[in-house]
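**Q** First the structure, then my questions, so here it is.
The values are calculated or read from the model by the stated rules, or taken from the named source; none is laboratory data. This structure is a prediction, so every number in the text was calculated from the model and none was measured. Note: ideal-geometry Cβ built from the backbone for every residue, glycine included; neighbour counts use all protein chains shown. Protein only, heavy atoms only, side chains kept; ligands, DNA and RNA dropped before computing areas. Shrake-Rupley method; radii C 1.70, N 1.55, O 1.52, S 1.80 Å.
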Amino acid sequence: MKHFLELSEWSTKDLWHILQLAVHLKLEWQSGGNRPVLKNKLLAMVFQKPSLRTRVSFEVAMKHLGGDAIMLGPQEIGLGKRESIADIARVLSGYVDAIMARVFDHQHVVELAQYSRVPVINGLSDDTHPAQAMADILTIFEHFAHTKGLKLAYIGDGNNVATSLLYACAHFGMNYAIASPEGYDLPASALVKATEIATRNGITVETLRDPKVAVENADIIYTDTWVSMGQEGETEQRRQLFLPYQVNADLIERANSNHIVLHCLPAHRGDEITDDVADGPTSAIFQQAENRLHAQKAILVKLLALDK
Ligand code: CP
Ligand code: NVA
């Protein structure tokens, strides 16, 4: 049994298979509906943090595939507070076929997986957001019809989203450049893990300070909030520091002319991205948000369906 906790733990081959499944399931859905390959399957969705896209896309994905999902919000089960994570994993495993969890501490999804008898999916932790990265790759693949040799420039905080994207780029053969302010770099451990995969797939990873340098020759410009969930107390300090990292018209002009702009959302318009860019001709952010549905279906099918 496999869990979906971090893209660095998956093989490039299996991730390509998930991408292919996503393309197929999207086409199948658009052609009249998905086959009920997850009939009678249930997904428990455990949330320690708020969510729109992750919650709705996973629930709708289960329903489209013939199964269902149960939402367990922060007030309901008190992960690690009302009850130990190990006991929650053991109990949920007796009721449902998979568990998706959004947590603060990444170790909490690791611990859920350790004690679960059903697959556990990371729906975002403080460290990574792999389900998002698969939707991002699907969006990139749809735009360029390939991924190999493209350059992705990530502008902003070296956070959970930046980390998953790094692993995704390494697997799918895309050069990755990140520009972030000092003190907000990608974790060193993520760079080590990614470099191993990147070297195997012949791509480069650049860690920079200057966003203008990062976007040179970029095919994809990606940004995320400067203040992730749980960091609200640092809002003012971060907003000052990250101001030079805003994705705006001046910055995107320096990228390749056929570039696309991505943002995992929710966006803080006027901070990390301006309205004219988010709503501009090169923005693919709402296609990317929709692709959460198709990518999440693919992950669920890969983990749960016997008939893929
Ligand atoms: N991008 C993303 O995960 O959105 P939510 O936080 O709304 O789920
Ligand atoms: N980095 C953001 C992503 C939200 C989807 C956060 O963790 O809040």
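**Q** Students often forget the sequence filter, so: which lysines lie under 18 Å Cα-Cα from K148 once same-chain residues fewer than 8 apart are removed?
**A** K13
**Q** Which one, T225, H64, Q107, projects farthest toward the positive side of the charge dipole computed for the chain from Cβ point charges (K/R +1, D/E -1)?
**A** The listed residue farthest towards the positive side: H64.
**Q** Another one. For I121, what residues show an amide H to amide H distance below 5 Å, using hydrogens built from the backbone and excluding near sequence neighbours?
**A** Under 5 Å from the amide H of I121: F4, I99, M100, A101.
**Q** Also, I was wondering about something else. Give the shape of the range 1-101 as rounded, prolate or oblate, defined through the alpha-carbon gyration tensor: a ≥ b ≥ c are the square roots of its eigenvalues, a/c under 1.5 means rounded, and otherwise the shape is prolate if a/b is larger than b/c and oblate if not.
**A** It comes out prolate by the Cα gyration axes.
**Q** When a/c is below 1.5 the answer is rounded, else prolate if a/b is larger than b/c, else oblate, so apply that to the range 165-258 with a ≥ b ≥ c taken from the square roots of the Cα gyration tensor eigenvalues.
**A** Details: a/c = 2.30, a/b = 1.26, b/c = 1.82.
Note, shape of the range 165-258 comes out oblate.
**Q** Could I ask something else about it? Amide H to amide H under 5 Å from Y154: which residues, 5+ apart in sequence or cross-chain, H placed 1.01 Å off N in plane?
**A** Residues meeting the amide H criterion: A177, I178, A179, Y222.
**Q** When the accessible area of the chain is split by element with a 1.4 Å probe, what percent falls to carbon and sulfur?
**A** Numbers: 6580 of 12760 Å².
Taking all protein chains in place, the chain shows 52 percent carbon and sulfur surface.
**Q** At each listed q (0.14 Å⁻¹), what is the log10 of I(q)/I(0) that the Debye formula gives for the chain modelled as equal alpha-carbon point scatterers?
**A** So the normalised log intensities are -1.04.
**Q** Could you grab the relative contact order for the chain? Cα pairs under 8 Å, six or more apart, rounded to a whole percent.
**A** Computed over the chain, the figure is 21 percent.
**Q** What accessible area per residue comes out for the chain, rounded to a whole number of Å², with a 1.4 Å probe?
**A** Per residue, the chain has 41 Å² of solvent-accessible surface.
**Q** While we're on this one: Indicate the helices, whole DSSP H runs only, in the chain that combine a mean Kyte-Doolittle hydropathy of 0.0 or more with a Cα extent along their long axis of 24 angstrom or more.
**A** 285-304
**Q** Sum up the charges of everything whose Cβ sits under 10 Å from the Cβ of D126, counting Lys and Arg as +1 and Asp and Glu as -1, but leave D126 out. Before the final figure, lay out the partial values.
**A** Working: positive: K49; negative: D105, D127.
Cβ neighbours under 10 Å give a net charge of -1.
**Q** Given the alpha-carbon gyration tensor of the range 60-177, what are the semi-axes of its equivalent ellipsoid in whole angstrom, ordered largest first, with each equal to the square root of 5 times an eigenvalue?
**A** Three semi-axes, in Å: 31, 17, 11.
**Q** Assigning unit charges at the beta carbon (Lys, Arg +1; Asp, Glu -1) and nothing else, what dipole magnitude in debye, to the nearest 20, does the chain show about its Cα centre?
**A** With only Lys, Arg, Asp and Glu charged at Cβ, the dipole is about 1220 debye.
**Q** Taking K and R as +1 and D and E as -1, what net charge do the other residues with C-beta under 12 Å from the C-beta of L52 add up to?
**A** Working: positive: K49, R53, R55, R102, R292; negative: E59.
Neighbour charge sum, excluding L52 itself: +4.
**Q** Just for the Cα atoms in the range 111-196, what are the lengths along the principal axes, largest first, rounded to whole Å?
**A** 39, 35, 22
**Q** Quote the accessible area belonging to R269 in square angstrom, nearest 10, computed with a 1.4 Å probe and with ligands, DNA and RNA left uncounted.
**A** 100 Å²
**Q** Using the per-residue mean of other Cβ atoms lying within 10 Å as a proxy for protection, in what order, highest first, do the peptides 19-27, 150-158 fall?
**A** 150-158, 19-27
**Q** Same structure, new question: In a GNM of the chain with a 10 Å cut-off on Cα contacts, which of S228, S164, S125 has the highest mean-square fluctuation?
**A** Comparing S228, S164, S125 in the GNM, the peak value goes to S228.
**Q** For the peptides 132-140, 229-237, what is the packing order when you average, over each peptide's residues, the other Cβ atoms within 10 Å and list the highest mean first? Intermediate results must be reported in sequence, preceding the final value.
**A** Working: 132-140: 26.2, 229-237: 12.0.
Packing proxy ranking, top to bottom: 132-140, 229-237.
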